[in-house]
Amino acid sequence: MTTQIETLQKLINEAKSIAFFGGAGVSTESGLPDYRSNTGTYTELEQQQLDPKKVMSKRFLMEHPEKFFNRPNTRKTPLLPKPNAAHLYLAELEKKGKDVRIITQNVDGLHQVAGSKLVIELHGNNRHFHCMKCGREYPYNEIQRDEQNIPRCPIDNGIIRADVILFGENLKPGVLDRAKKIMASSDLLIIAGTSLTVNPSKNLIHYFEGNHVVVINKTPLDLDLTVDLTIEGAVGEIFSQLSASSI
Ligand SMILES: [Zn+2]
């Protein structure tokens, strides 16, 4: 066990409440792409001469649904991704009685699959779907598509979409306030797998008033926040070295 892992373990053991603030890097070890790396979603779109901010926007969905729902996807992402060591460890901690609160920028729901009970999804999730006209909710396996492969509501022909926040859309009301409260009332903040370049997520960390801040990321972050411990590496691999037994 390296000194850094030992320090992280000690901080986790001593913390009363942990805010875990995660981004795409938390799920890459589950086979899901991040955004800005060589194999990231934005990079892939740019290689196809597409502007991510345009083709992943509400406006593009409304104006060109046939393109929005038929975007070429050259990556092989798993249909049912599985939680990795990071998701599983956090859920295990909570099960053992630790007050773990998760704020995630991811939409994959892997923290909930792992068993975490307090998960704030800043950007929504891709497990729930609703009709944009009437608001009816549809489970994935009941969604019908028209001849252009656009998911359609059988009642009013409205477009059915996932509950994810697209470019040009605001976060759901209340989500940011809940995240701020969690930040303000936790005593250990772990920032993991995020480049923290996007607002309002980026600003959230400034609501933290607790004792210790840990950053786990493949590349260093430039934060105007006092950081106690920085570990460079893959998030799941680092969490796989921790123990939940001493909590
Ligand atoms: Zn409808």
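The values are calculated or read from the model by the stated rules, or taken from the named source; none is laboratory data. Note that the coordinates shown come from a computational prediction; the quantities given were computed from them, not determined experimentally. No Cβ is skipped: glycine too gets one built from the backbone with ideal geometry, and neighbour counts run over all protein chains shown. What goes into the accessible areas is simple: the full protein's heavy atoms, side chains included, and nothing from ligands, DNA or RNA. Shrake-Rupley method; radii C 1.70, N 1.55, O 1.52, S 1.80 Å.
Figures for the structure shown
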{"quantity": "One residue from Glu63, Glu94 being more than 16 Å from the chain's Cα centre (by Cα), open to solvent by less than 50 Å² (accessible area, probe 1.4 Å) and more than 16 Å from the ligand (Cβ to nearest atom)", "calculated": "Glu94"}
{"quantity": "Residue check for Glu169: away from the ligand (no atom under 16 Å from the Cβ) and among the charged types (D, E, K, R)", "calculated": "yes"}
{"quantity": "Residue within the range 176-191 that is away from the ligand (no atom under 16 Å from the Cβ), β-branched (Val, Ile, Thr), part of a helix (DSSP H, G or I) and surrounded by 12 or more Cβ atoms within 10 Å (Cβ to Cβ) present", "calculated": "yes"}
{"quantity": "Every residue from the range 124-139 that is more than 7 Å from the ligand (Cβ to nearest atom), of a type outside the set (D, E, K, R) and surrounded by 14 or more Cβ atoms within 10 Å (Cβ to Cβ)", "calculated": "Gly124, Asn125, Asn126, His128, Phe129, His130, Met132, Tyr138"}
{"quantity": "Neighbours by Cβ (under 8 Å, 6+ apart or cross-chain): first from the range 37-61, modelled with pLDDT under 85; second loosely packed, with under 13 Cβ neighbours inside 10 Å and in a helix (DSSP H, G or I)", "calculated": "none"}
{"quantity": "Enumeration of residues in the range 10-39 that are open to solvent by less than 30 Å² (accessible area, probe 1.4 Å) and more than 15 Å from Glu237 (Cβ to Cβ)", "calculated": "Leu11, Ile12, Ala15, Ser17, Ile18, Ala19, Phe20, Phe21, Gly23, Ala24"}
{"quantity": "Which listed residue is within 16 Å of the chain's Cα centre (by Cα), at pLDDT below 95 and of a type outside the set (Lys, Arg), from Leu221, Leu196, Leu225", "calculated": "Leu196"}
{"quantity": "Test result for Asp163, within 14 Å of the chain's Cα centre (by Cα) and over 30 Å from Ala15 (Cα atoms)", "calculated": "yes"}
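Yes/no per residue for (1) assigned to a loop (DSSP other than H, G, I, E, B); (2) surrounded by fewer than 16 Cβ atoms within 10 Å (Cβ to Cβ); (3) away from the ligand (no atom under 16 Å from the Cβ):
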{"residue": "Arg101", "(1), (2), (3)": "no, no, yes"}
{"residue": "Lys117", "(1), (2), (3)": "yes, yes, yes"}
{"residue": "Asn149", "(1), (2), (3)": "yes, yes, yes"}
{"residue": "Pro154", "(1), (2), (3)": "yes, yes, no"}
{"residue": "Arg161", "(1), (2), (3)": "no, no, no"}
